[in-house]
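The values are calculated or read from the model by the stated rules, or taken from the named source; none is laboratory data. None of the values given here were measured: they were computed from a predicted structure. Cβ placement follows ideal geometry from the backbone for every residue including glycine, while neighbour counts extend to all protein chains displayed. Please note that ligands, DNA and RNA were not included when accessible areas were found on the heavy atoms of the full protein model with its side chains. Shrake-Rupley method; radii C 1.70, N 1.55, O 1.52, S 1.80 Å.
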Amino acid sequence: MPPYVAVVGAGEASAEEIATAEEAGRLLAERGAVLVCGGLGGVMEAACRGAKSAGGATVGILPGRDRTAANEWVDVAIATGLGEARNALVVRAADVLIAVGGGYGTLSEIALALKGGTPVVGIGSWELAGRPRREARDARQAVELALG
């Protein structure tokens with residue numbers, strides 16, 4: 001069974017975060033991982049695009065009830081109708097989480113992952129005092145830390 005890796009971050013991300021997420025998605029696919037994300041734009045879309053460029057599989061867990069809202073690089077779109085609460089499903093579906101930048105939604109995913117014992121690797125993301133999160137300098141290091 002391949003590892004499932006969630007790549008999370010802002011729906012409205014910087015150009016640098018987009019490039020980092022796309023590279024992370026590509027590298028994860030090259031290592032045989034299944035990419036899990038929130039299925040929409042920004043970091044999520046970039047990670048999916050990167051994974052698909054390397055022939056990888058992508059899963060988007062959507063906040064709304066419309067599967068067609070998923071970005072075009074999502075293979076399996078899961079419409080939840082749960083809004084931001086779907087962040088818990090993104091985290092629970094993954095063996096490890098890579099956070100690229102991010103806003104409050106990303107913070108919630110990091111917190112849920114840490115609370116549930118899912119390892120978290122951050123790239124320019126939230127720092128939580130006293131929490132076991134690893135920081136990576138770039139996508140390559142993040143994937144290495146995530147997959148070991």
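Residues in segment 1-44 average 40 Å² of solvent-accessible surface per residue, probe 1.4 Å, ligands and nucleic acids excluded.
Once the 1.4 Å probe is applied to the protein heavy atoms, segment 54-148 comes out at 52 Å² accessible per residue. Compared with the alpha-carbon gap, the fully stretched path from R31 to A111 is longer by 26.2 nm at 0.36 nm per residue. The loop-placed trypsin sites (Lys or Arg not before Pro) in segment 1-91, going by DSSP, that have at most 14 neighbouring Cβ atoms within 10 Å of their Cβ come out as R65. Round to the nearest 0.05 the FRET efficiency obtained for V76 and L128 when R0 = 41 Å and r is the Cβ-Cβ distance. Plugging the Cβ-Cβ distance into 1/(1 + (r/R0)^6) gives 0.85. For segment 11-62, a crude dipole built from +1 on the beta carbon of Lys and Arg and -1 on the beta carbon of Asp and Glu, taken about the Cα centre, is about 280 debye to the nearest 20. At 0.890 mPa s and 25 °C, plugging the Kirkwood radius over alpha-carbon pairs of the chain into Stokes-Einstein gives what diffusion coefficient in µm²/s? Estimated diffusion coefficient is 171 µm²/s.
Would you kindly work out the equivalent ellipsoid of segment 1-78 from its C-alpha gyration tensor and give its semi-axes, the square roots of five times the eigenvalues, largest first in whole Å?
So the three semi-axes of segment 1-78 are 17, 15, 9 Å.
Within the chain, the longest run free of GluC sites (Glu not before Pro) that sit in a DSSP loop with at most 12 other Cβ atoms within 10 Å is 13-71.
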